[in-house]
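Below is one structure, written out as structure tokens; the observations come after it.
The values are calculated or read from the model by the stated rules, or taken from the named source; none is laboratory data. On a predicted model such as this, the values are computed, not experimentally measured, just so you know. As a convention, Cβ positions derive from the backbone with ideal geometry for all residues, glycine included, and neighbour counts pool all protein chains shown. The accessibility values were calculated without ligands, DNA or RNA, using every heavy atom of the protein model including side chains. Shrake-Rupley method; radii C 1.70, N 1.55, O 1.52, S 1.80 Å.
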Amino acid sequence: MISIKNVSKWYGAFQVLKDCSTEIQKGEVVVVCGPSGSGKSTLIKCVNALEPFQQGDIVVNGISVADAKTNLPRLRARVGMVFQHFELFPHMTITENLTIAQTKVLGRSKEEATQKGLKLLDRVGLKAHADKYPGQLSGGQQQRVAIARALSMDPICMLFDEPTSALDPEMINEVLDVMVELAHEGMTMMVVTHEMGFARKVAHRVIFMDQGRIVEDAKKEEFFGTPRSERAQLFLSKILHH
Amino acid sequence: MYEYDWSSIPGALPYLWEGMKVSLEITFVAIVAGIVWGTLLAMMRLSNLGPLSWFAAGYVNLFRSVPLVMVLLWFFLIVPQFLRAVLGLDPTTDTRLASAMVGFALFEAAYYSEIIRAGIQSVPKGQVAAAYALGMTYGQAMRLVILPQAFRNMVPLLLTQAIILFQDTSLVYVSALADFFGAAYKVGERDGRLVELLLFAGAVYFVICYSASYVVKRLHQGNGS
């Protein structure tokens, strides 16, 4: 489904990604973790070409992201993405947020888009808020709307870029619950997160990154059982002891 | 001691109103055309394409570094000849109003583009990323997501610029075009009551601009809360 092949990226002289390679199969849930500045957010943004990279290639559902001939908007329309800071459109109501891309990008009718949007809104438990503006919702609620917005495009896979790290602690679970449910339904997911509880519960694999490199890429049981690299052991001991 | 005599004003009001209509027309056209052209300039300036960005930067810097009255004079001299050559107009056709509108629109676009550029940059980068991630093209992201938010942030500045523009329309007197100020001047000269007419014109500009500023201030406070 997603195949990352020898991807390297530089900001000027500074190399943020060093020869990263991995595969994500259909229906697989892969958690990407690592210390801040390790390049994990950059890597996930490369998958839908929000960040360009200079070397290597990423192939999503058979389509090369690096190929200049690829129609990026069309590719992105099929790849759902959820951001750290939600990024709902503040000048639109929740319903408009859920329908704008469906109508303008996919060409669905307004009725069809609204119906679909409201169904997804109901699924994330926020049907009552359809006519509100994003600013009137809590962070956790906004993030759930953002997930519904991504799902409204019928994505073939979902990318999550630290979806809970901007949230107050009491709101983290409501968002994780939605993500767990999604994972159980068989959605292909690549999730950058520090939520190891989520990783233990639903991830198939865990990728650990450090200084732009994929240091560890292992089955969940192996990763939490006996991480091979010292860096990963240190990282786990730091975030699991709290 | 100067004896004030305001008696020539009531009779001149219809003529002054004609002048006011010219002022408002120029202001309106310059605002609309200036914002449209200014938005395009701002998008060029922010684009990654070197030549477009340089052209926009050069344009803005040129117009912001030249006095408005000089720009207007150029246009009074160039535009009529241009229109005559292109449209085959009669040399006696009055093109002063069209020249003034073109001159103001091009000049104001330089100022509007800077306001709009700042407005676009005030929208968080994540919004663009979110629009792209949903499959929007650059044009859709701009039109549906970025510009509506940018304009909302910019409304007070755009209106303030419009008020300045309205005052600046009085500079068309260099072409003897009868805008409100020009009309007042002509009446004053005709009746030998220049002081009264100019005081009256000043009072009218003051009332209009001050009221408009007040409205802008209220709008701004409404937004901020």
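Observations on the model:
- Restricting the search to helices (runs of 4 or more DSSP H) fully inside the stretch A:78-177 and requiring at least 2 residues that are closer than 25 Å to A:THR188 by Cβ and open to solvent by 30 Å² or more (accessible area, probe 1.4 Å) gives A:110-123, A:139-151.
- Looking across B:VAL102, B:VAL66, one residue alone is β-branched (Val, Ile, Thr), out of contact with any strand residue (DSSP E or B) (no Cβ under 8 Å at 6 or more places or on another chain), part of a helix (DSSP H, G or I) and at negative phi. It is B:VAL102.
Yes/no per residue for (1) within 10 Å of the chain's Cα centre (by Cα); (2) surrounded by fewer than 21 Cβ atoms within 10 Å (Cβ to Cβ); (3) at pLDDT 90 or above:
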site	(1), (2), (3)
B:MET1	no, yes, no
B:ASP5	no, yes, no
B:SER8	no, yes, no
B:PRO14	no, yes, no
B:ALA33	yes, yes, yes
B:GLY38	no, no, yes
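- All positions within the stretch A:43-60 that are in contact (Cβ under 8 Å) with a residue 60 or more places away in the chain and within 14 Å of chain B (Cβ to nearest Cβ): A:ILE44, A:LYS45, A:VAL47, A:ASN48, A:VAL60
- In the condition set (1) in contact (Cβ under 8 Å) with a residue 40 or more places away in the chain; (2) of a type in the set (A, V, I, L, M); (3) facing chain B (nearest Cβ under 10 Å), A:ILE94 is compliant with all but (3).
- Residue check for A:LEU182: of a type in the set (A, V, I, L, M), within 19 Å of the chain's Cα centre (by Cα) and open to solvent by 10 Å² or more (accessible area, probe 1.4 Å): no
- Inspection of the stretch A:206-219 identifies no residue that is open to solvent by 40 Å² or more (accessible area, probe 1.4 Å), more than 18 Å from A:LEU17 (Cα to Cα) and part of a loop (DSSP other than H, G, I, E, B).
- Residues that are closer than 30 Å to B:VAL207 by Cβ, open to solvent by less than 10 Å² (accessible area, probe 1.4 Å) and away from chain A (no Cβ under 14 Å), drawn from the stretch B:108-165: B:GLU108, B:ALA109, B:ALA110, B:TYR112, B:ILE116, B:LEU165
- Of all the criteria given as (1) of a type in the set (A, V, I, L, M, F, W, C); (2) within 14 Å of chain B (Cβ to nearest Cβ); (3) out of contact with any helix residue (DSSP H, G or I) (no Cβ under 8 Å at 6 or more places or on another chain), the one not satisfied by A:ALA68 is (2).
- Filter result for B:ARG84 (out of contact with any Cys (no Cβ under 9 Å at 6 or more places or on another chain), more than 14 Å from chain A (Cβ to nearest Cβ) and within 30 Å of B:SER211 (Cβ to Cβ)): no
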